[in-house]
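Let me begin by presenting the structure, written as C-alpha cells, before commenting on it.
The values are calculated or read from the model by the stated rules, or taken from the named source; none is laboratory data. Because the structure is predicted, anything quoted here is derived from the model rather than measured. Cβ atoms come from the backbone with ideal geometry, glycine included; neighbour counts cover every protein chain shown. Note: areas computed on protein heavy atoms with side chains; ligands, DNA, RNA excluded. Shrake-Rupley method; radii C 1.70, N 1.55, O 1.52, S 1.80 Å.
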Amino acid sequence: MSASLEIQLIAVTAATGCALVGVFLVLRSMAMMADAISHTVLLGIVLIFFIVQDLQSPWLLIGAAAMGLLTVSLVEALNRTKLVKQDAAIGLVFPALFSLAVILISRYARGVHLDVDMVIMGELALAPFDRVTIFGLDLPHALATLSAILLINIVFILVFYKELKLSTFDPALAAAFGFSPALLHYGLMALVSVTAVGAFDAVGAILVVALIVTPAASAYLLTDDLRKMLLLSVAIGAGSALAGYWLARLLDANIAGSMATMTGVVFLIVFVLAPQRGVLTQLRRQALQRWRFAQTMLIIHLLHHEGAPDAAVECRAEHLQAHLRWQPDFAAQVIRDAERSGAVHQERGLLRLTDHGRRLAEAAMVR
Amino acid sequence: MELLNDLFFDYTLRTVAMGTAILGLVSGALGAFAFLRQQSLVGDAISHAALPGVVLAFMLTGLKGPLALMSGAAVAGIAGVLFVIAVTRLTRLKQDSALGIILSAFFGFGLMLLTFLQRNPDARQAGLNHFLFGQAATLLERDVMMMGVFGAAAVGLMLLFWKELKLLSFDRDFGASLGFPMTALEVLITLLLVIAIVIGLQAVGVILMSAMLVAPAAAARQWTDRLGVMVLLAALFGAAAGVVGTLLSSLGAGLSTGPVIVLCISVIALVSLLLAPNRGIVWTWLRNRRHAILATGLMGRG
C-alpha cells in the first residue's frame, strides 16, 4: 500500500468513527462536550505516559478514555451544585485540565514525541512511518488503532441502537422502561473519549471536534430518520476527509486543517441548499407563501364585491392599490398570476372571478 | 520578595505583567455578562474563529504589527459569531452544535492557511504560531499600550451602557417591552467580548482565552448577588491571575505564561466554588449534614 493510500484510509477511518458518535452528541445537544473531551484526553495521555514511559502502550488509550469520563463527571458534578450552568461548567473544567497537561508536557516531557504542536495540528502525514504488525499484516499503527475504535463504535451502536434512540429522543420514557439513561450516557461518553483519543493522534485535538460535530450537524439538516442520519453523517465525514486530503496535497498545507475546512464547506452547502431545511428553501417557501396569500386576498376581495352595486369600482385593478394597500407592480403581478392560474379574467379593465376562482375563494373563506 | 522586586524593577517582566493584568481585567469584567447570559462558550468559539482572520490579515498586509493582526482577528471573530447566530436562528441545530462547527471549521481553515503560508519561503510567519498558545513573554510596550487603549474603550462602553446591559442580562423581555433595542445591545456586548478576546490572544493564545472569560466570572458570582460587585470582583480576579501567573511562570523554565495564568484563575474559581460564604460547596455540605443529624436526632427522640 502506498503512503498516500494509507493516509487516506486512516483519515476515512477516523472520520467514520467520529461521525457515528457525533450524531448522538448533536442530537443530545452535547456537541461542546466533544470539545472539552478532545482537550482533556491530553492530560490522561500525559499522566499514563509518565507511568509507562511508552507512547505505543494501549494503556494510553485507556487513560485517555478515563480522563474523558472524568471530564464529563466533573462538568456534571459542577452543574449539579447549581453554582454554575452547564456552559460555564464546561468552560471551567477543560481549560484547567488542558493547561495542566500543557505545563506537564513542556516541563517534564520535553523532547519526547509528545509535543504540543502535534496535539493541535495532528501529524497525519507522518502516520504511515509508525508501523505495527497484526495477524501478519504490516499496518500503520494509527490505522490499526482507529480500526479497532471504529469497530467498537459500530458494535456499541448496533447493540444499543434501540436504547440509544429512545434515551436520546425521550429520556423520561427510556427511564420508565427501565433502561438506565446514566449508564448509556456514560457508555456514550466513554465511546466519545476513546474515539477522540484515536482521532486525536491523527488529526489533533481541535479538529477532532470538526469531525465529530460538523458531519453530524450537516446530516441532521438533511433527514429526520436516525438510521439515515448515521449513514449520511458517515458519508459526509468520509467524503470531507478525502476531499480535505487532496486539498492539502494541492496546497501543500496541513491535512487535518484541510479536512476540517472541508467539513465546514460541506456544512455551508447543506445549510444553504438542503432540500427541506436549507436557507434558500426557507426563503423560497416564504416568498411563495406571500404570493399565495396575495392571490387568496385578491379572489376573496372579488368574491365579496361580485354582483354588488360597487363592483364597477371595487373590482378594478387600480382600486386594489387603495383597498389592499398593494404597490402597483405588486398588484399587477398578483393579477397576472391569478389570470394565468385561471382564477380571474379581465374584461374591459374589470376583474371577474371564473367559476374555478369562485370555488377557490369560497373554499378559502370556509377555511 | 525577590519576585516583587523584579516586578518593580525588571522592565520586561513589568511590561508583561501589565499586559496580562489588563487582559485579566477586561476579560473578567466582560466575561461576567457572558456568564450571566449563559454564553460562556461563545468566547471559546470566537477565539478559535479568530485564527483565520489573523493569518489572512498577515497574508494581505504582510505586516505583523499588532493592529493589523488584531483587526483581522476581530473581523473573523465577528464573522464567526454572526454565523453562529444565523445557524441557531435558521436551523433546528442548537447553539452547542453551531459553536462546535464554527470553532472547528474556522480554526481548521486558519490552520490550513497558516501551514500553507509556512511552506512559502518568503513568509515571516514566526509570531503567528504564538497565537495558538500566546507568547506573553514577547509582549512589547506598544502591544501593552494597544491592549490598554482597546481594553479601556471596551470597559468604558460597558460602563456607559451599564443599565441597559444589566437589563439584557437579567430580563431581556422586560427590557424589550420598555422599548430598549435589545438586539442592538446583544450585538454591543458581543462586540465588546470580541475586543476582550482579541487583546488577550497574544498573551494567552486562542486555546486558553476562553478560560479567562469564564473562570473570573464564575468565581466572582459565588461571592455576591449584585452585578456591580460581581463585575468588579471578576475584573480583580482576572487581573490578579494575570499578574501572579506571569510572576510564577518567570520562575521556571518550560512554564509558558498562558497555561500558568489559566491554572491560577482556575484555582481562584475552585476556591470560590468551595468556600464562598452561603453558596460554597463546603458550607452547603456542612449545612446538609447538620440538618441530617438534627433530623435523625429528632426521629430518635420521637
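Summary of computed values
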| item | result |
| --- | --- |
| Among the candidates B:GLY297, B:GLY238, B:GLY254, B:GLY228, residue that is more than 11 Å from chain A (Cβ to nearest Cβ) and at pLDDT below 85 | B:GLY297 |
| Residue within region B:43-52 that is part of a helix (DSSP H, G or I) and open to solvent by 10 Å² or more (accessible area, probe 1.4 Å) present | no |
| So B:ARG37, is it more than 15 Å from the chain's Cα centre (by Cα), open to solvent by 30 Å² or more (accessible area, probe 1.4 Å) and more than 8 Å from every other protein chain (Cβ to nearest Cβ) | no |
| Long-range neighbours under 9 Å by Cβ, at least six apart or interchain, first residue crowded, with 18+ Cβ neighbours inside 10 Å within region B:63-85, second not in a helix (DSSP H, G or I) | B:PRO66/B:LEU140; B:LEU69/B:LEU63; B:LEU69/B:GLY127; B:LEU69/B:LEU128 |
| Exclusive hit being over 24 Å from B:VAL204 (Cα atoms) and of a type in the set (A, V, I, L, M, F, W, C), set A:VAL23, A:VAL102 | A:VAL23 |
| Set B:GLY19, B:GLY28: member being assigned to a helix (DSSP H, G or I), buried (at least 23 other Cβ atoms within 10 Å of the Cβ) and within 14 Å of chain A (Cβ to nearest Cβ) | B:GLY28 |
| Sole exception among (1) in a helix (DSSP H, G or I); (2) surrounded by fewer than 16 Cβ atoms within 10 Å (Cβ to Cβ); (3) more than 8 Å from chain B (Cβ to nearest Cβ) for A:LEU232, by number | (2) |
| Every residue from region A:343-353 that is closer than 21 Å to A:MET365 by Cα and open to solvent by 30 Å² or more (accessible area, probe 1.4 Å) | A:HIS345, A:ARG352 |
| Among (1) touching a residue at least 24 places away in the same chain (Cβ under 8 Å); (2) within 14 Å of chain B (Cβ to nearest Cβ) - the single one A:VAL194 does not satisfy | (2) |
| Among the residues listed as A:VAL197, A:VAL132, the single one being at pLDDT below 90, in the same structural domain as A:ALA11 (by TED's automatic domain parsing) and outside any helix (DSSP H, G or I) | A:VAL132 |
| When residues of region B:53-62 are limited to those that are within 14 Å of another protein chain (Cβ to nearest Cβ) and surrounded by fewer than 23 Cβ atoms within 10 Å (Cβ to Cβ), the one farthest from B:ALA86 (Cα to Cα) | B:MET59 |
| Hey, A:SER106 in the same structural domain as A:VAL26 (by TED's automatic domain parsing), modelled with pLDDT under 85 and open to solvent by less than 40 Å² (accessible area, probe 1.4 Å) or not | yes |
| Residue that is modelled with the lowest pLDDT [pool: residues in region B:97-130 that are within 7 Å of chain A (Cβ to nearest Cβ) and farther than 23 Å from B:LEU201 by Cβ] | B:ARG119 |
| Filtered residue count, region A:249-274, keeping only those that are farther than 18 Å from A:THR13 by Cα, assigned to a helix (DSSP H, G or I) and hydrophobic (A, V, I, L, M, F, W, C) | 11 |
| Residues within region A:153-178 that are part of a helix (DSSP H, G or I) and in contact with a Gly (Cβ under 8 Å, 6 or more places away or on another chain), tallied | 2 |
| Every pair of residues 6+ apart whose Cβ atoms lie under 6 Å, when the first sits in region A:71-87 and is within 12 Å of A:ALA36 (Cβ to Cβ) while the second is surrounded by fewer than 16 Cβ atoms within 10 Å (Cβ to Cβ) | A:ASP87/B:GLN38 |
| Pairs with Cβ under 7 Å, 6+ apart, first in region A:227-254 and assigned by TED's automatic domain parsing to the domain that holds A:CYS18, second open to solvent by less than 50 Å² (accessible area, probe 1.4 Å) | none |
